[in-house]
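Reading through the structure tokens given below for one structure.
The values are calculated or read from the model by the stated rules, or taken from the named source; none is laboratory data. Because the structure is a prediction, the values reported are computed rather than measured. Cβ coordinates were reconstructed from backbone atoms using ideal geometry, including for glycine residues, and neighbour counts include every protein chain displayed. Each accessible area value is taken on the protein alone, full model and side chains, heavy atoms only, with ligands, DNA and RNA left out. Shrake-Rupley method; radii C 1.70, N 1.55, O 1.52, S 1.80 Å.
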Amino acid sequence: MLQIPSQKLKEILIKDNLITTEKFEGLLLEAKRMDQNIVDFLISGGFVTADYFYNLVARYFGVERANLAGRNIEENILRKLSEELARQKRIIIFNQESDGVLDAAMEDPSDLETIGFLERRLKSKIKPFLATQEDLNRGFVLYGRRMSEDFKKIIEENINATLRKKTGSVEEAAKDVPIVAIVDSFMSYAISLRASDIHIEILEDTILIRYRIDGVLHEIARIPKEVYPAIVARIKLLGGLKIDEHLKPQDGRFRYQIGSDLIDVRIAIIPVFYGEKIELRLLPSAQKPLALGELGMLEDTIKIVEENAKKTYGMILVCGPTGSGKSTTLYSILNILNRPEVNVVTIEDPIEYDIKYINQTQINSLAGITFASGLRSILRQDPNIIMVGEIRDEETAEIAVHSALTGHLLLSSLHTNDAATSVPRLIDMKVAPFLVAAVLNAIIAQRLIRKICIDCIESYTPAQSIIEFMQKQLKEFNPNSELKIPKFLYRGKGCQSCGNTGYRGRIGIYEVLNINEEIRKLIIGSDFSLDGLNSLARKKGMITMFEDGLRKISTGITTVEELLRVIRE
């Protein structure tokens, strides 16, 4: 992100009554300690919004913002700059003016050297505009649309080349140019579509390639089985796995570069009926923990989470199914707690974010490091705050609970459908009810929901039957709710930016069960029931995930259909 000199930034923020001199100086010191630039630190702390900062930067440097949302960028204009160069220089050419000047959306419109380079290369004058990360992503997605036309052709050509070539061994085939090109094409195409996962699955007569985009799997291609052994071997080579092992699950990782972007790729291979199934998880290597507001938490939810994070002991749990963003939420809370006066230690599987000044330990079953054994070792490290990636078994649950009882703040995750179900889940793990009541501070349940594409968003008046159905659903989830179904709803028509799905990106929906004295008494009572816990929590003001989703529907963030899809999963 483009920077403004810290002294000038301080003057502007003070003038806009957003911060005091003393507060800014303190935050500047803390940002340096955390090895973050001050702007990222201010945004993640909620002192300024990203939109405010981009407007401030545009004003300071005397340029316009690109605002590529909704712009129809012509293919021939976009491709005046190759995708590789666009990614490397962080630039999108999005318009050509009547006098031939090219409008360029740039991460750094003050970079005169790059502007000069483009003018010489494109033989045209360049007018720089300030681009946000989202602007650049839109442009890169448009490159990907063209790539979809070439993808099958590239795959087909390299498959044919592989089938024609007689290679001595699978390992040799894995290093051949056609197989390397096939795997590279899978990777680069997935990144261009913003996929989070690649699934390579072997069926009876073919190989199925599927990408998970915004939480939904899409079939991308089918390829002949004959090339599959070489593709599996290639991926195993990249991840440092055993090529000749086919009967045991294997996990690995490697780093993939596209332009200036580095992607960490996690590999998970398991034996299945017809061979081996490969799952690749794509994680941007430079990602940083987000502010709670950036995750999708609204003010009332943030307040409860922050109040409980200030406590010096007890347990905060984050719940939801696999892929619901639990780890991201845990990292965001850890980022808030990461202060000079505390010792923060984690045990994770895997480590997804590298956070400075937090001591992070990776699970390694071969070396005997499990959640339980790792947690025991952590307790000898004089920690103030502990994060356990997941509570999976009775042993881990017992140690975690006793850690939270003895002066440590412990963060962890559980696989449950909602917040209240975490209580009987812990009891099922042989944790006594009085201990559950004593250690729990708050339970956060969440799902990830697709956002409406802002490039093709439109409003509409829902049919009366839809309104009545939503009212019925709301009454079912929370009979005491005072929320109203909005008269106008929003949806995405479908466009180039979102691949005609009407959705682009995801955001969280949350419910937070704040454990107060009444709830503690209910948990240890002889008449404890899950229905009773849910009923009491709602009476005490807990907003359910469904209600949180409705709030996001009313502000045009998501759709009714998407909320029902996610809540019912």
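Could you state the number of Å between the C-alpha centres of segment 296-362 and segment 89-120?
40
On the full set of protein chains, 1.4 Å probe, figure out the accessible area of residue 459 and give it in Å² to the nearest 10.
Its accessible surface works out to 70 Å², give or take rounding.
Only residues of segment 195-210 count here: report those whose backbone N is under 20 Å from the spot 7 Å along Cα→Cβ of residue 160, or say none.
Correct set: 207.
Show me the trypsin sites (Lys or Arg not before Pro) within segment 250-342 that DSSP assigns to loop and that have at most 16 other Cβ atoms within 10 Å of their Cβ. Write out the running numbers ahead of the final one.
On the way: sites: 253, 255, 266, 277, 281, 303, 310, 311, 326; in loops: 310, 311.
Here the sparse-neighbourhood loop sites are 310, 311.
Given the C-alpha centroids of segment 261-285 and segment 438-465, what is the distance between them in whole angstrom?
Rounded to whole Å, the Cα centres lie 29 Å apart.
Check the straight Cα-Cα distances from residue 236 and name the lysines below 20 Å, setting aside those fewer than 8 residues away within the same chain.
175, 225, 248, 277
How much accessible surface does residue 18 have with a 1.4 Å probe, in Å² rounded to 10?
Residue 18 exposes around 70 Å² with every protein chain in place.
At 7 Å along Cα-to-Cβ for each site, give me the label-to-label distance between residue 79 and residue 51 in nm.
Using points 7 Å along Cα→Cβ, the separation is 3.5 nm.
Could you order 21, 416 by accessible surface area, starting with the largest, using a probe radius of 1.4 Å?
Working: 21 60, 416 10 Å².
Descending order: 21, 416.
Looking at the chain, which Cys residues are left with no other cysteine's beta carbon under 4.7 Å from theirs?
Here 319 come out as lacking a disulfide-compatible partner, given the Cβ-Cβ threshold of under 4.7 Å.
Trypsin sites (Lys or Arg not before Pro), restricted to segment 469-569: which are DSSP loop and have at most 15 other Cβ atoms within 10 Å?
Numbers: sites: 472, 475, 484, 487, 491, 493, 504, 506, 520, 521, 538, 539, 540, 551, 552, 565, 568; in loops: 484, 487, 493, 540.
Hits after loop and neighbour filter: 484, 487, 493, 540.
Can you list which of the GluC sites (Glu not before Pro) found in segment 264-355 are DSSP loop residues with at most 12 other C-beta atoms within 10 Å? Please list the in-between numbers first.
Working: sites: 276, 279, 294, 299, 306, 307, 341, 348, 352; in loops: 341, 352.
Answer in residue order: 341.
Candidates (i) 25.2, 88; (ii) 27.5, 83; (iii) 25.7, 81; which is the computed Rg and Dmax of the Cα atoms in Å?
Read-out from the structure maps to (iii).
With a 1.4 Å probe and every protein chain kept in, tell me what percent of the accessible surface of segment 483-569 is carbon plus sulfur.
Details: 1990 of 4090 Å².
The nonpolar share, carbon plus sulfur, comes to 49 percent.
List the lysines whose alpha-carbon lies under 29 Å from that of residue 23, not counting same-chain residues fewer than 8 positions away?
Of all the lysines, those that pass the test against residue 23 - Cα under 29 Å, at least 8 places apart if same chain - are 8, 10, 15, 32, 288, 303, 310, 311, 356.
Starting from the Cα of residue 406, step 7 Å along the direction of its Cβ; do the same at residue 357; then give the gap between the two resulting points in nm.
2.7
As a test of reading the structure, rank 44, 332 by solvent-accessible area (1.4 Å probe, protein chains only), most first.
On the way: 44 30, 332 5 Å².
Largest accessible area first, the residues go 44, 332.
Would you mind computing, in nm to one decimal, how far apart the modelled labels at residue 461 and residue 248 are, each placed 7 Å from Cα along Cα→Cβ?
That separation, rounded to one decimal, is 6.6 nm.
Heavy-atom accessible area of residue 409 with all protein chains present, probe 1.4 Å, nearest 10 Å²?
0
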